[in-house]
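Below: one structure, written as structure tokens.
The values are calculated or read from the model by the stated rules, or taken from the named source; none is laboratory data. Just so you know, these numbers come straight off a predicted model, no measurement behind them. Cβ coordinates were reconstructed from backbone atoms using ideal geometry, including for glycine residues, and neighbour counts include every protein chain displayed.
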Amino acid sequence: MKNKVLLIEDNQDIRENAAELLELYGFEVLVADCGEAGLYLTDLHPDLIISDVVMPGISGYDVFNQLQEDSLKKTSPLSLLPHFPKRGTRT
């Protein structure tokens, strides 16, 4: 049985590349393009959740906070991906 990873990322290129790498390493990958869709997919009980921090609508921090409010999901391992600006741009 493969370990299940939920990947929440709004950038399509990053989401597709990361999902492909995880699959190459043998993981079953669930993908969501926003925090809201990611929260819905947590009902499938992934072994690990990887979420972008900066997303429109529900951010990665919001995903974390909502998981903490659910007694069945609050122990789900979550890794937040920081936002790094593109080289040569200012934030």
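Within 17 Å of S76 (Cα to Cα) and not small (G, A, S), is that true of D10? No; evaluated as a whole, the condition is false for this residue. Of all the residues in region 15-63, those that are closer than 24 Å to K2 by Cα and either free of Cβ contacts under 8 Å to residues at least 24 places away in the same chain or touching a His at 6+ places or on another chain (Cβ under 6 Å) (or both) number 12. Looking only at region 23-42, decide whether some residue is on the phi > 0 side of the Ramachandran plot and not β-branched (V, I, T). Yes, some residue in region 23-42 is on the phi > 0 side of the Ramachandran plot and not β-branched (V, I, T). Does at least one position in region 37-47 carry a residue that is modelled with pLDDT of 95 or more and over 22 Å from E69 (Cβ atoms)? No, every residue in region 37-47 fails to be modelled with pLDDT of 95 or more and over 22 Å from E69 (Cβ atoms).
The residue list L39, L7, L30, L22 contains one member that is buried (at least 18 other Cβ atoms within 10 Å of the Cβ), in contact with a strand residue (DSSP E or B) (Cβ under 7 Å, 6 or more places away or on another chain) and in a helix (DSSP H, G or I), which is L22.
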